[in-house]
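Data block below; observations after.
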Amino acid sequence: MVGPTPSMAHVPLREVLPRDYLNAEGELRRLANELDCHPAAADRTVWHWYPDRTEPPQTSTRGSYLLLVDTAITLYNTRDDWLELTLDIAWLTPPKLTVGAAVEVACWCPQDHNMHQVRQAEWHVVNSQELVEAFATGTAMLMDVLASGPFQPHPWRVQAGLPDAPENSR
């Protein structure tokens, strides 16, 4: 893993994307810049990349998710609780290039799951155009949250029917 960096502008996409998807680079950067520049995301965004994963995995466990590039926008973070928006490009096995977007909250279940995706979407892509379309849809999903909130995990947990953090952790 390489990073973090506050902007996709610093991510060497030519070293990260599979060869057949390099034509998407310009549009991916444009879309990521919209996300990076949103006022609610200012100073809250980190990008990571994984240059050793440009080829689909040859063998792996079904359901494995190998990141190529990802971002997290941390909207709320205390010692015990958090709310993050995530967007990534990854290999999902069996080898399918996938774009994922999610709203994630810390887990307060009796059995600790670490986090829950309270809103999530995933798109499998087979070419550069589909990669751009999926990334645009994921970006739009996150931009909608950035534009309207909520910016604390409590309402997201309530909406998802999840146990909430104790009062002293909020």
| message | I want to confirm something. Restricting to segment 80-138 and keeping residues that are out of contact with any Pro (no Cβ under 7 Å at 6 or more places or on another chain) and acidic (Asp, Glu), which single residue is farthest from residue 158 (Cα to Cα)? | response | 130
| request: Taking residue 65 as the residue in question, decide whether it is in contact with a Leu (Cβ under 6 Å, 6 or more places away or on another chain) and over 23 Å from residue 41 (Cβ atoms). | output: yes
| said: Could you go through segment 97-111 and let me know if any residue there is in contact (Cβ under 8 Å) with a residue 40 or more places away in the chain, under 30 Å from residue 18 (Cα atoms), among the aromatic types (Phe, Trp, Tyr) and touching a helix residue (DSSP H, G or I) at 6+ places or on another chain (Cβ under 9 Å). | reply: no
| request: Scan segment 141-151 and give yes if some residue there is closer than 16 Å to residue 44 by Cβ and touching a Ser or Thr at 6+ places or on another chain (Cβ under 9 Å), otherwise no. | output: yes
| task | Can you confirm whether segment 130-143 contains a residue that is outside any helix (DSSP H, G or I), out of contact with any helix residue (DSSP H, G or I) (no Cβ under 8 Å at 6 or more places or on another chain) and over 15 Å from residue 35 (Cα atoms)? | result | no
| task | Scan segment 93-116 for residues that are modelled with pLDDT of 90 or more and among the hydrophobic types (A, V, I, L, M, F, W, C) and report the count. | result | 6
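The values are calculated or read from the model by the stated rules, or taken from the named source; none is laboratory data. The structure displayed is predicted, hence computed values, not measured ones. Here Cβ is always computed from backbone atoms with ideal geometry, including for glycine, and neighbour counts include all displayed protein chains.
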